[in-house]
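Throughout, read-outs are computed from the coordinates displayed, never taken from laboratory work. From a predicted model like this one, the values you see are computed outputs, not experimental measurements. Here Cβ is always computed from backbone atoms with ideal geometry, including for glycine, and neighbour counts include all displayed protein chains.
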Amino acid sequence: MGNKRNIIIIVLAFLLGVGGGSAFVKLTKNNVRGNTPVQNTPTTLDHSDTSETTDESGATDSIDILKIRASSELANDGYGNYYYAENVLDGLTSTAWTEGVSGNGEGETLTYTLAALTNIHSCTLYNGYCKSEDLYYKNSRPSKITFIFDDGEETVLMQDRYNVEQVAHFKTTHQTTSIVLRIDETFDGSKYTDTCISEIYFN
Ligand SMILES: [Ca+2]
């Protein structure tokens, strides 16, 4: 009888153990899947995601360009050189956006559509066609540019320097969902009236 009782106790303990074990597993899965408490637990990643990309106004510091559109683009030259607006975003100083109207392109624009309300502090720009020094001076390059944001505009004077990064720090941090860059005035090219910009970054 004593042995039988012990066996029953052992079997009951085993069943309880298995049951308890499986309940524990389910609870764990539920915690992972149901996950509100888990996700709300601050982690380094979650913290940096929220605190570094948005401020109190909901504007983000990370530039996410949905679309860039030029008011005009010079047609390709038939030798494999293209002058798309996107050339200012490709990381190459050897490619440039070139406006495509007659004259030096005063008034021509690049329009950026951003994914969200974004803080814009400055613009970094490679002026002119930086594929070579010869091409830089043969083509025109902006001497004055106006940047138009949702909350206002700023005009910046450019330097006439080949293959040099120029940084324009805006007077104020602009909060905007779009940016229009307008060529106001140019340094004239020695051979062509096409105005070029090789690279543009916003921060
Ligand atoms: Ca480029």
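As a length-normalised measure over Cα pairs under 8 Å and 6 or more apart, the relative contact order of the range 121-203 settles at 48 percent.
Need one word for the range 65-202: rounded, prolate or oblate. Basis is the Cα gyration tensor (sqrt eigenvalues a ≥ b ≥ c); a/c below 1.5 gives rounded, then a/b vs b/c decides. Here the range 65-202 falls in the prolate category.
Just rank H169, H174, fewest to most, by other beta-carbon atoms within 10 angstrom. The partial results should precede the final answer.
On the way: H169 11, H174 21.
Fewest-to-most Cβ neighbours within 10 Å comes out as H169, H174.
Backbone geometry of the range 116-129 corresponds, through the Karplus equation with coefficients 6.51, -1.76 and 1.60 at θ = phi - 60°, to 3J(HN,Hα) couplings of 7, 4, 10, 7, 10, 9, 7, 10, 10, 9, 9, 6, x, 9 Hz, x marking Gly and Pro. Here each label is just a point 7 Å from Cα along the line to Cβ, and for S57 and N81 those points are 4.1 nm apart. Along the Cα-to-C-beta direction of V164, a point sits 7 Å from the Cα; which residues of the range 180-196 have their amide N less than 18 Å from that point? Under 18 Å, as judged by backbone N against the label point of V164, lie 186-189, 196 of the range 180-196.
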